Amino acid sequence: MAVTVVVLARNRNLFAVIVLSGLYSFLMATVLVALDAVDVAMTEASVGAGVSTVLLLGALHLCRSEEARPVHKAWLPLAISIACGVILVYGSLGLPAFSDPAAPIHTHVVPRYLNDGPKETGVPNVVTAVLASYRGYDTLGETTVVFTAGAGVVALLRRRRARKDAPK
Amino acid sequence: MKRDLVLRVVAKVFLPFILIFALYVQFHGDFGPGGGFQAGVIIAAAVIFYALIYGLSNARRVVPEALVESMMAAGVLIYAGVGVLGLLFGGNYLDYFVLDRNPVVGQHRGIFWVEVGVAITVSGVMLKIFYMFADRGRIDK
Amino acid sequence: MSVAGHFAYAVTIFLMIAGLFIVIARGNLIKKLVGLGIFQTSVYLLYIAPGKLIGGTAPIVSESFSVYSNPLPHVLILTAIVVGVATLALGLALVVRIREAYDSIEEDDILAADRAAGDAEL
């Protein structure tokens, strides 16, 4: 995945960039399956490698351009990024090691979800039970966000009646 | 792409399976990976696939704009409606266990309708966005 | 504290700074949006990687398994993915409108056009 991202950053042909981003989403979905996140992997594969790529290609078709040669050398952004990376690595040393059963993430409220979830809701898939029942408000908000995004795109891209060129 | 025979035949063969898979993912989300979002995106992908092969005007005839726009809003209303039902039956907003005498069955019903609402909204929005992008770029067709 | 124990974080941080670099160093608007997407996916990894238990399985309760990976990050990230694609769609709609207004989607050209318009107004 790191190779994909580096090639993506350096490539100037936007079509290639979009295809590489689809490939990157697909690799991410595979990694997620290896991490036991099957629901998330399915969503990332369908949304990231599917819908995102379609929307990016549609926008590219409407914009019809290629990336121009960068005017300034990118040393300052590179230095800033690497500095941020170093700070983050220093911060991550304090985080629990990979797959540590005593980490706080596993001990607070999750045992209740795993033990009582199927009994209280009758649904063996704990992710769906938590998403739709225990944390149903969040899913309501998310559905509203999706609807708002659709309404926003409609408001931005709606054609005016008697004009053929870009409405102002 | 309208004239390429292989693409048309393959699309015709694949589309029912894609739609059935979307329904499977939706309703089997309780027992395996899946749920509303994935099913909604797969339905939208199936219609986009049809539009790519057969042309936008054909796709507009099969899934008209008015249907897509009402789908966008209907899903959110179904979700909020389940919450209001919880209120009407005496519990808090979005309480599922008051929906039936047996609380587990009530939870099942609540989760079912909520996931249906989510799938409808997600598929409607994805499709509407695709329609808007495709419409903007059309010179004349 | 071992190197292998923190490898997941190293990968996440590399992807994060790569996404950040693309957003701040490249001028093309569509490429910026793709870089933002890469940044978002690295955040998904940041949440899900600590939830995995070696020897566990996907959090679908069944008779044959006893150790499950943590389902709570999955729920949060599911929402995050869908919200991410919603913002991507809105961002792309904005890029299309910018292209129609300025006839270019390079950041330098747009800033130059704005500056020229500001000078012309004075």
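The values are calculated or read from the model by the stated rules, or taken from the named source; none is laboratory data. None of the values given here were measured: they were computed from a predicted structure. Ideal geometry is used to build each Cβ from the backbone, glycine not excepted, and the neighbour counts take in all protein chains shown.
Considering (1) more than 30 Å from A:Val154 (Cβ to Cβ); (2) among the basic types (Lys, Arg); (3) in contact with a Lys or Arg (Cβ under 9 Å, 6 or more places away or on another chain), the lone condition that C:Lys32 does not fulfil carries the number (1). Residues in the stretch C:6-60 that are closer than 19 Å to A:Leu93 by Cβ and of a type in the set (Phe, Trp, Tyr): C:Phe7, C:Tyr9, C:Phe14, C:Tyr47.
Of the listed requirements (1) within 30 Å of C:Val61 (Cα to Cα); (2) in contact with a Phe, Trp or Tyr (Cβ under 7 Å, 6 or more places away or on another chain); (3) of a type outside the set (A, V, I, L, M, F, W, C), B:Gly32 misses just one: (2). With respect to being more than 9 Å from every other protein chain (Cβ to nearest Cβ), over 18 Å from A:Leu57 (Cβ atoms) and among the aliphatic types (A, V, I, L, M), C:Ala101 falls outside the description. The sole residue among C:Gly91, C:Gly51, C:Gly55 that is over 30 Å from C:Ala25 (Cα atoms) and more than 7 Å from every other protein chain (Cβ to nearest Cβ) is C:Gly55. Which pairs do you get when a residue that is aromatic (Phe, Trp, Tyr), found in the stretch A:128-156, comes within reach of a residue that is surrounded by fewer than 17 Cβ atoms within 10 Å (Cβ to Cβ) and in a helix (DSSP H, G or I), reach meaning Cβ atoms under 8 angstrom, with the pair 6+ apart or on two chains? From residues that are aromatic (Phe, Trp, Tyr), the pairs are A:Phe147/B:Ala73.
Yes/no matrix, rows are residues, columns are (1) part of a loop (DSSP other than H, G, I, E, B); (2) at pLDDT below 80; (3) not basic (Lys, Arg):
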residue	(1), (2), (3)
A:Val7	no, yes, yes
A:Val17	no, no, yes
A:Gly48	no, no, yes
A:Val51	no, no, yes
A:Leu57	no, no, yes
A:Leu60	no, no, yes
A:Ala68	yes, yes, yes
A:Ile82	no, no, yes
A:Gly85	no, no, yes
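I'm checking my understanding of the structure. Among residues of the stretch A:115-139 that are surrounded by fewer than 21 Cβ atoms within 10 Å (Cβ to Cβ) and part of a helix (DSSP H, G or I), which one is farthest from the other protein chains (Cβ to nearest Cβ)? Explain how you work it out, then say what you get.
First, the residues of the stretch A:115-139 that are surrounded by fewer than 21 Cβ atoms within 10 Å (Cβ to Cβ): A:115-116, A:118-120, A:122, A:124, A:134-135, A:137-138.
After this cut, where a residue has to be part of a helix (DSSP H, G or I) as well, the list is A:115-116, A:118-120, A:134, A:137-138.
Working: A:Asn115: 9, A:Asp116: 11, A:Pro118: 5, A:Lys119: 8, A:Glu120: 7, A:Tyr134: 9, A:Tyr137: 7, A:Asp138: 6 Å.
In this case the residue turns out to be A:Asp116.
Considering the stretch C:58-79, the residues that are more than 7 Å from chain A (Cβ to nearest Cβ) and surrounded by fewer than 22 Cβ atoms within 10 Å (Cβ to Cβ) include one that is nearest to A:Asp39 (Cα to Cα), namely C:Leu76.
Of all residues in the stretch B:12-26, those being under 29 Å from B:Val104 (Cα atoms) and either in contact (Cβ under 8 Å) with a residue 24 or more places away in the chain or within 10 Å of chain A (Cβ to nearest Cβ) (or both) number 3.
Within the set B:Pro103, B:Pro33, B:Pro64, the sole residue that is closer than 16 Å to A:Thr128 by Cα and free of Cβ contacts under 8 Å to residues at least 40 places away in the same chain turns out to be B:Pro33. Among the residues that make up the stretch B:128-139, is at least one of them at the interface with chain A (Cβ under 10 Å from one of its Cβ atoms), among the β-branched types (Val, Ile, Thr) and not in a helix (DSSP H, G or I)? Yes: one or more hits.
For the stretch C:17-43, a residue qualifies if it is within 7 Å of chain A (Cβ to nearest Cβ) and either in contact (Cβ under 8 Å) with a residue 12 or more places away in the chain or of a type in the set (Asp, Glu) (or both), and the qualifying residues are C:Ala18, C:Leu20, C:Phe21, C:Ile22, C:Gly27, C:Asn28, C:Ile30, C:Val34, C:Gly37, C:Ile38, C:Thr41.
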